[in-house]
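S.K.: First the structure, which I've put down as structure tokens, then a few questions once you've had a look.
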Amino acid sequence: MGLHPSLLRLAPVLGFCLLALLSGCSDSEGLHDEELVENEATRPLPDSLSVSTPDSPLIHMEIVEDFSEEVANEMLGFSDKLRRRDFGAAAEWLAPDFVGHALSGLTPDSLESLPLESTRTEFLPASAPIVGRAGFLAALESYVGPWERVEYVQWKVKGAEFQTGKPRWGRVKYRVTVLGNAEDGSPRSLVAWGYGKQLFRDGKWTLQQFELTSLVEQQRAKRLFTDVSASAGIAHAGIRFGQPGNKSFAFNGASAGDVNGDGLVDLFVPSRPRNFLYMGKTEGGFSEEAADRGVALPAGGTGAVFFDWDDDGDADLALADVGWIERDGTPSGNPLRLYINDGTGLFTERGEEFGFDALCNGYSLTVLDDTLDGALDVFVSNYGRIAAEPNNSWTDASNGMSNILYRNEGGTRFQDKTADAGMTDSRWSYAAAAADHDLDGDQDVYVANDYSRNIFWENQGDGTFQDAAESLGLSDLGNGMGTAWGDLDNNGMLDLYVANMTSTAGSRILGRLAGQSEGDTQDLLKMAGGNSIFLNSPTETDTESSFERLPSSEGGVSASWAWSPALADLNLDGNLDVFCTNGFVTGDTAADT
């Protein structure tokens, strides 16, 4: 995955001359392979192995990070070859004189039983056989070769130090992850940590040594989930990013509801070049009926939600989108849309008629009854239009479009009551979630913002809101993408899950900067630090809330480029689990980001 723009600014590209000057080396350094190794098969191997630390490390952060990224990008190719189980091709990334600890054949140290018929086995690193290049690849092949499927392999650079001068080499901290299904189809994972000696020669970085420091394997007796998208009739693939017709991010969402009152769940997915409405079938699966039911066009959209806006007993559909006014005054993009259900599952778009047609940067919609009058209102999370005006800060951006609170006037029309409610705010908002966090009978709204701290609009019970994020400990700083309420610790109070972003490269860069500069480094470290979990505990009066951030060591927060979370008891054990959608733009391999 790539760096968020707020972190890219910390890795400037240096010229070749400066790079060569500061590092004391050039791209042509290094000995040829044939001068290093005469015969790999007969080369003696050491009895012990420890990757040495540079005794004269490079201190220029930009150079160190450039080298770290070069190594990280180089090892993406290695990871891809291993995922494809092309072990012969993978040998190219290991030096001919490679020596390292094998990742199989170790002695188990502990075995722990986990829920869902899972086990966790920790192995003794000291028991790992020391092998050469062929032996290292053979050990990997013996482990994953028989698997039914290798889904994911990654050698992730978690830190690095590099030696000054020639030859150019570094000590790299790796997390190695292998995910897939064993011969019998059971899920299996391997996570290893270690240090590699990375040597630059003949124009590329190769792994010369690998010292294993820990290895853990987890396996489950059977699959927890099975992908049935194709057989269920919903396996649609959108336009590939960067291809004609898709010149921006794919602003997709999804909404589930019973459109035609048959008791079955239906699914709406905005897309291009048209939207999709998958209708549940009694025999199982779905049939696609967007065109017949009036929601196929105009194409595209962001957050979608089914709700009965006019209280007539059927599910209407509201759809957010991105629209704007050009400099010549002409409208572009799409406005917000409101599709009215006729009671049989046929829709007519009537947003303009009912006051729900703003041209805005709507990224998601949140339905609530903020005045407890029985009519459902809509909160629109608005982002900025980055193509026209970039964010004016990485940690406190304020030049987005103001969010909108649409109050429902008894199913007759919507009125913009943002200012009246005291909710005018122009941060770059991605998503919001409404809930009665303090059990006082009204709904409050938590807003996840990009490039700034989040907002917690606490309902005052009189039609107005106040931002209580800071006073309640919910002023979460991050690249907020999504949020969800749920009782995660079973204490009867609603807790909060916030999706941000986990960036290894960003944390690595900022960790180096932390000792060299002042300012907003700590804030930026938080922005790259992953998702947040806030536990809600009742106070003595039981009418107030007190939130405390759960430490990351408790898990559940590292989800890479995180987007929308969902909380549900997936295995019916009485505890809420977390599903967090993640991903960024990639091609065939992660190196194509």
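S.K.: Among the listed residues Gly301, Gly284, which satisfies the condition of being surrounded by fewer than 20 Cβ atoms within 10 Å (Cβ to Cβ), in a loop (DSSP other than H, G, I, E, B) and small (Gly, Ala, Ser)?
M.R.: So the residue among Gly301, Gly284 that is surrounded by fewer than 20 Cβ atoms within 10 Å (Cβ to Cβ), in a loop (DSSP other than H, G, I, E, B) and small (Gly, Ala, Ser) is Gly284.
S.K.: With modelled with pLDDT of 80 or more and among the acidic types (Asp, Glu) as the only criterion, which of Asp588, Asp569, Asp542 stands out?
M.R.: None of the other options fit; the residue is Asp569.
S.K.: Scan Asp97, Asp86 and give me the residue that is acidic (Asp, Glu) and free of Cβ contacts under 8 Å to residues at least 60 places away in the same chain.
M.R.: Asp86
S.K.: Does Phe276 satisfy the condition of being in contact with a helix residue (DSSP H, G or I) (Cβ under 6 Å, 6 or more places away or on another chain), within 30 Å of Gly480 (Cβ to Cβ) and surrounded by 19 or more Cβ atoms within 10 Å (Cβ to Cβ)?
M.R.: Taking the combined requirement at face value, the residue satisfies it.
S.K.: Right, something else. Return the only residue of Leu365, Leu372, Leu376 being within 20 Å of Trp428 (Cα to Cα) and aliphatic (A, V, I, L, M).
M.R.: Leu365
S.K.: Considering only the stretch 178-212, state which residues are in a loop (DSSP other than H, G, I, E, B) and either within 18 Å of Ser127 (Cβ to Cβ) or open to solvent by 10 Å² or more (accessible area, probe 1.4 Å) (or both).
M.R.: Of everything in the stretch 178-212, those that are in a loop (DSSP other than H, G, I, E, B) and either within 18 Å of Ser127 (Cβ to Cβ) or open to solvent by 10 Å² or more (accessible area, probe 1.4 Å) (or both) turn out to be Glu183, Asp184, Asp202, Gly203.
S.K.: Ala468: modelled with pLDDT of 95 or more and either among the hydroxyl-bearing types (Ser, Thr, Tyr) or out of contact with any Lys or Arg (no Cβ under 9 Å at 6 or more places or on another chain) (or both), yes or no?
M.R.: Taking the combined requirement at face value, the residue satisfies it.
S.K.: Those residues that are assigned to a strand (DSSP E or B), closer than 19 Å to Leu550 by Cα, open to solvent by less than 10 Å² (accessible area, probe 1.4 Å) and in contact (Cβ under 8 Å) with a residue 60 or more places away in the chain, I need them from the stretch 449-495; list them, please.
M.R.: Scanning the stretch 449-495 gives Leu477, Gly482, Gly486.
S.K.: Quick check, is Gly351 of a type in the set (Gly, Ala, Ser), surrounded by fewer than 18 Cβ atoms within 10 Å (Cβ to Cβ) and at pLDDT 95 or above?
M.R.: no
S.K.: Hey, does the stretch 368-381 have a residue that's exposed (fewer than 15 other Cβ atoms within 10 Å of the Cβ), touching a helix residue (DSSP H, G or I) at 6+ places or on another chain (Cβ under 9 Å) and either modelled with pLDDT of 95 or more or not hydroxyl-bearing (Ser, Thr, Tyr) (or both)?
M.R.: No, there is no match, as no residue in the stretch 368-381 is exposed (fewer than 15 other Cβ atoms within 10 Å of the Cβ), touching a helix residue (DSSP H, G or I) at 6+ places or on another chain (Cβ under 9 Å) and either modelled with pLDDT of 95 or more or not hydroxyl-bearing (Ser, Thr, Tyr) (or both).
S.K.: Taking Arg83 as meeting all but one of (1) touching a Lys or Arg at 6+ places or on another chain (Cβ under 9 Å); (2) open to solvent by 60 Å² or more (accessible area, probe 1.4 Å); (3) at pLDDT 95 or above, write down the number of the exception.
M.R.: The single condition Arg83 does not satisfy is (1).
S.K.: Going by the conditions given, is Thr121 surrounded by fewer than 19 Cβ atoms within 10 Å (Cβ to Cβ), touching a Pro at 6+ places or on another chain (Cβ under 7 Å), modelled with pLDDT of 95 or more and farther than 15 Å from Val176 by Cα?
M.R.: yes
S.K.: Looking at Pro96, is it part of a strand (DSSP E or B), modelled with pLDDT of 90 or more and surrounded by 12 or more Cβ atoms within 10 Å (Cβ to Cβ)?
M.R.: The answer is yes for Pro96.
S.K.: Next question. Is one or more of the residues making up the stretch 165-177 open to solvent by less than 50 Å² (accessible area, probe 1.4 Å), basic (Lys, Arg) and not in a loop (DSSP other than H, G, I, E, B)?
M.R.: yes
S.K.: Right, something else. What is the residue count in the stretch 53-80 for residues that are open to solvent by 60 Å² or more (accessible area, probe 1.4 Å), polar (S, T, N, Q) and closer than 11 Å to Phe162 by Cα?
M.R.: Matching residues across the stretch 53-80 total 1.
S.K.: Still on this structure, I have one more. Checking the structure you have, find out if any residue of the stretch 414-428 is touching a residue at least 60 places away in the same chain (Cβ under 8 Å), among the charged types (D, E, K, R) and open to solvent by 60 Å² or more (accessible area, probe 1.4 Å).
M.R.: yes
S.K.: Further question: When you go through (1) among the small types (Gly, Ala, Ser); (2) assigned to a loop (DSSP other than H, G, I, E, B); (3) modelled with pLDDT under 95 one by one for Ser52, which number turns out not to apply?
M.R.: (3)
S.K.: Please name all residue pairs, on different chains or six or more residues apart, with Cβ atoms under 6 Å, provided the first residue is in the stretch 349-362 and is part of a strand (DSSP E or B) and the second residue is open to solvent by 60 Å² or more (accessible area, probe 1.4 Å).
M.R.: Close Cβ pairs satisfying both conditions: Asn361/Arg385; Asn361/Met401.
S.K.: Sticking with this one: Could you list all residues from the stretch 313-324 that are within 18 Å of Tyr406 (Cα to Cα) and part of a strand (DSSP E or B)?
M.R.: Answer for the stretch 313-324, where residues must be within 18 Å of Tyr406 (Cα to Cα) and part of a strand (DSSP E or B): Asp316, Leu317, Ala318, Leu319, Val322, Gly323.
S.K.: Quick check on this structure: which one of Asp310, Asp328 is open to solvent by 50 Å² or more (accessible area, probe 1.4 Å), in a loop (DSSP other than H, G, I, E, B) and on the phi < 0 side of the Ramachandran plot?
M.R.: Step by step, each of Asp310, Asp328 is checked, and only Asp328 is open to solvent by 50 Å² or more (accessible area, probe 1.4 Å), in a loop (DSSP other than H, G, I, E, B) and on the phi < 0 side of the Ramachandran plot.
S.K.: Do we have any residue at all in the stretch 74-92 that's part of a strand (DSSP E or B) and in contact with a Phe, Trp or Tyr (Cβ under 8 Å, 6 or more places away or on another chain)?
M.R.: No, there is no match, as no residue in the stretch 74-92 is part of a strand (DSSP E or B) and in contact with a Phe, Trp or Tyr (Cβ under 8 Å, 6 or more places away or on another chain).
Here is a yes/no grid of residues against (1) of a type in the set (S, T, N, Q); (2) in contact with a Lys or Arg (Cβ under 9 Å, 6 or more places away or on another chain):
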| residue | (1), (2) |
| --- | --- |
| Ala102 | no, no |
| Thr107 | yes, no |
| Ile130 | no, no |
| Ser142 | yes, no |
| Glu151 | no, yes |
| Gln163 | yes, yes |
| Gly170 | no, yes |
| Lys173 | no, yes |
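S.K.: Of the residues that make up the stretch 389-402, is at least one open to solvent by less than 50 Å² (accessible area, probe 1.4 Å) and either part of a strand (DSSP E or B) or without any contact (Cβ under 8 Å) to a residue 24 or more places away in the chain (or both)?
M.R.: No; the residues of the stretch 389-402 include none that is open to solvent by less than 50 Å² (accessible area, probe 1.4 Å) and either part of a strand (DSSP E or B) or without any contact (Cβ under 8 Å) to a residue 24 or more places away in the chain (or both).
S.K.: Just to be sure I understand the filter: pairs with C-beta atoms under 8 Å, separated by 6 or more residues or on different chains, first member in the stretch 127-150 and touching a residue at least 12 places away in the same chain (Cβ under 8 Å) and part of a loop (DSSP other than H, G, I, E, B), second member open to solvent by 10 Å² or more (accessible area, probe 1.4 Å) and of a type in the set (D, E, K, R). Which pairs pass?
M.R.: Here the result reads Gly145/Arg85; Pro146/Glu183; Trp147/Glu183; Trp147/Arg188; Glu148/Glu183; Glu148/Asp184, each pair linking the stretch 127-150 to a residue that is open to solvent by 10 Å² or more (accessible area, probe 1.4 Å) and of a type in the set (D, E, K, R).
The values are calculated or read from the model by the stated rules, or taken from the named source; none is laboratory data. Nothing here was measured: the structure is a model prediction, and the numbers come from that model. Quick reminder, even Gly has a Cβ in these numbers, built from the backbone with ideal geometry, and neighbours come from all protein chains shown. For the accessible areas, the whole protein counts, side chains as well, though only heavy atoms, and no ligand, DNA or RNA atoms are used. Shrake-Rupley method; radii C 1.70, N 1.55, O 1.52, S 1.80 Å.
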